[in-house]
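Asker: Questions regarding the structure given below will be posed in turn.
The values are calculated or read from the model by the stated rules, or taken from the named source; none is laboratory data. Given the structure is predicted, the values throughout are model-derived calculations rather than measurements. Because the Cβ atoms are built from the backbone with ideal geometry, glycine has one as well, and the counts that use them run over all protein chains shown. These area figures cover heavy atoms from the full protein model, side chains too; ligands, DNA and RNA do not enter into them. Shrake-Rupley method; radii C 1.70, N 1.55, O 1.52, S 1.80 Å.
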Amino acid sequence: MKCLLIAINAKYIHSNLAVASLKSYARAQEREDDTVIETAEYTINQPEDGILADIYRRKPDVAAFSCYIWNWDVVRRLTDNLRRIRPELPIWLGGPEVSFETVSVLETLPFVTGIMAGEGERVFDGLLRYYEGAGRLEDVPGLTFRSEGADGPIACRAPGEPMDLNEVPFAGWDPAFFKHRILYYESSRGCPFSCSYCLSSVDKKLRFRNLALVKKELSLFLEAGVLQVKFVDRTFNCERKRAREIWRFIRENDNGVTNFHFEIGADLLEKEDLDLLGRMRPGQVQLEIGVQTTNPRTLEEIRRYADGKRLKENVRTVRSFGNIHQHLDLIAGLPFEDYESFGRSFDEVYELRPNQLQLGFLKVLKGSYMYEKQTDYGICVGSGPPYEVLSTRWLSYEDIVRLKGVEEMVEQYYNSGQFIKTMSYLAGCFLSPFFLYEALASYWRDHTETGQNFSRNARYERLLDFVAETLPEKTEEARALLIYDLYLREPVKSRPAFAGDLSACREEISDRSAVLWERERTEGRTALPYRRFLHETHMEVFFRDPEHPERKGQFWYWFDYRERDPLSGNGRAYRLESRNGE
């Protein structure tokens, strides 16, 4: 008997922890000799007929799909078509998209055999025992299924008790598979908080994996040189001492390559945590911090209790280290937050200068407390996945559309990391950062045709056009900063028109670069021959100093891409001097 666990991920770089965990747990139990458990991972970007053909070629006796908001439409079409070509094949579903309305899902999808709800490892083990001939479906907690064939009544068993996390063997370790993918790792389950929009609040029992076991498994990842390990723990540092021990372990065993991602409560960080984080290798750790809003009434309503003042202080402290990537989240569409209130939340978070500012929109998920309250809040939600808010009592659809434009500009001009100097300067030219991105979104909307795409250079030019129209007196300063940002990112092959022609300055560029090369050589920082050194770097001329745009005069910079900033990915910039020290 072969059971195929099927995952359809959002991107190739992602991996599915659920199917790997179910497979590992089931294999660790006593099984019939002929039982085969396989996993198959695809992406939503692959042609669906290709996925269907691959599943068919694998010839499973049972097929089980992992269902989420990002893949639900694909899963529904695939399972429908799979039943058409394999009408005898039992098809099971599991995952958050189907676990909270199991009966209605089965009523809607007659071609699905049943649904696994709750923690899946034991449920899947019980399901396998049934197909091995050693158990009954009625005895498996967490199963919803048609009890008398395709047209029979639907039976629904409540999920069982929460598992001891140490009983779950580590999921699917394959160094070759994770070499080019994110490795998701679970060291705890459940969440101590009760945020109304989050499904993690449903699982009230917080459980932890044994620390010795965690360290043993982390050692495997470090030894294999996995590029990124993403902890899926909902609030990693809710147990401060335990989090600190794991942070200390990865610091002491750093391999110089692996990056670790943690979702934390920044207000929970203590001095010992900050001291430890400050000593991490640059780029070794990245922190995701869900601020969501700074509106006190909204925070109270969504039951998110955090010390906002301490959160901000700790974020600033971590930023001062210069070694840790911080990703801060906001959610638009929460109760009691209108457009103006969201703008204030945006400005407060923007002032913290995170490496990334994620502007997301409320998703009303089945099973969450927000799902129960949507009528009270006047929430209008999209009819299908990802069930994103369209309007609320406080936020109109027009407001949502405006915020979508702000989100796009934040992604292009802030989160891309390609316009660091320019956007920092422009933010000070408007009443607030939110007004800047709002004005930029309005400009793009008025000057862009639907579906129009822009090259990287075109985005620089578009930003300069925006400044020329909106703040004409700042155009030259913005031009200098844009040139600086452009070359800070990479050695562009073709110089854009707005940067001017330097062909007449080549001799002077060479002269000034020779001074820097000599200094590098004498200080032992490069072994490159002079000509090759010049070839692998780029020089630039400015009519404003990017560090002080108000200054007049001509300034020269040299850009080095041999050692990039591990947080931003940008190269290094050096101010050039002439041979006589000018």
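Asker: Straight-line reach from Lys404: which lysines have a Cα under 29 Å away, not including same-chain ones fewer than 8 places off?
Answerer: Correct list for Lys404: Lys11, Lys230, Lys309, Lys312, Lys363, Lys366, Lys373, Lys421, Lys474.
Asker: Applying 1/(1 + (r/R0)^6) with R0 = 22 Å to the Cβ-Cβ distance of Thr475 and Arg445, what FRET efficiency is obtained, to the nearest 0.05?
Answerer: About 0.55, to the nearest 0.05.
Asker: Explain nothing, just compute: Karplus ³J(HN,Hα) = 6.51 cos²θ - 1.76 cosθ + 1.60, θ = phi - 60°, for every residue of the range 286-302 in order, whole Hz, x for Gly and Pro.
Answerer: 3J(HN,Hα) across the range 286-302, in whole Hz: 10, 10, 9, 10, x, 7, 6, 6, 10, 6, x, 5, 5, 4, 5, 5, 8.
Asker: At 15 Å minimum axial length over the Cα atoms and a Kyte-Doolittle cut of 0.5, report the qualifying DSSP H helices in the chain, or say none.
Answerer: Taking the DSSP H segments of the chain (at least 15 Å long, mean hydropathy at least 0.5), we get 17-28, 211-224.
Asker: A further question on this structure: Out of the range 97-177, which GluC sites (Glu not before Pro) are coil in DSSP terms and have no more than 15 other C-beta atoms within 10 Å?
Answerer: When the GluC sites (Glu not before Pro) of the range 97-177 are filtered for loop state and at most 15 Cβ neighbours within 10 Å, Glu132, Glu148 remain.
Asker: Rounded to the nearest whole Å², what accessible area per residue is found for the chain with the 1.4 Å probe?
Answerer: Using a 1.4 Å probe on heavy atoms only, each residue of the chain averages 46 Å².
Asker: Averaging over every viewing direction, what projected area does the convex hull of the Cα atoms of the chain cover, in nm²?
Answerer: One quarter of the hull surface, i.e. the mean projection, equals 30.2 nm².
Asker: Give me, ordered by chain and number, the residues 5 or more places off His261 or on other chains with an amide H under 5 Å from its own placed amide H.
Answerer: Val229, Lys230, Phe231, Gln286
Asker: Using the basic label-point model (7 angstrom from Cα toward the beta carbon), what is the Lys179 to Ser568 distance in nanometres?
Answerer: With each label placed 7 Å out from Cα toward Cβ, I get 3.3 nm.
Asker: Modelling each spin label as a point 7 Å along the Cα-to-Cβ direction, I'd like the Asn45/Arg303 distance in nm, to one decimal.
Answerer: 3.8
Asker: Give the cysteines in the chain for which no other Cys Cβ lies under 4.7 Å away, or write none if there are none.
Answerer: Cys3, Cys67, Cys156, Cys191, Cys238, Cys380, Cys429, Cys505
Asker: First select every other residue whose beta carbon is under 10 angstrom from the beta carbon of Glu490; then total the charges, Lys and Arg +1, Asp and Glu -1.
Answerer: Summing Lys and Arg as +1 and Asp and Glu as -1 gives +4.
Asker: Separate question: How much mean residue ellipticity at 222 nm does the chain get from its helices, if each DSSP H run of length 4 or more adds -39500 (n - 2.57) and you divide by all residues, to the nearest 500 deg cm²/dmol?
Answerer: Value at 222 nm, helices only, nearest 500: -11500 deg cm²/dmol.
Asker: For the range 1-51, what Kirkwood radius comes out of the mean inverse Cα-Cα distance, in Å?
Answerer: 12.1
Asker: Where in the range 309-329 does the label zone of Leu274 land, with the point 7 angstrom along Cα→C-beta and an amide N cut-off under 12 Å?
Answerer: Within reach of a label on Leu274: 310-321.
Asker: State the percentage of accessible surface on the chain attributable to carbon and sulfur atoms; use a 1.4 Å probe and exclude ligands, DNA and RNA.
Answerer: 49
Asker: Moving to a separate point now. Stretch Phe430-Arg316 to full length: gain in nm at 0.36 nm per residue minus the Cα-Cα span?
Answerer: Length gained between Phe430 and Arg316: 38.8 nm.
Asker: Using the scaling law 2.2 N^0.38 Å as the reference, what is the normalised Cα Rg of the range 296-398?
Answerer: Working it through for the range 296-398, the quotient is 1.18.
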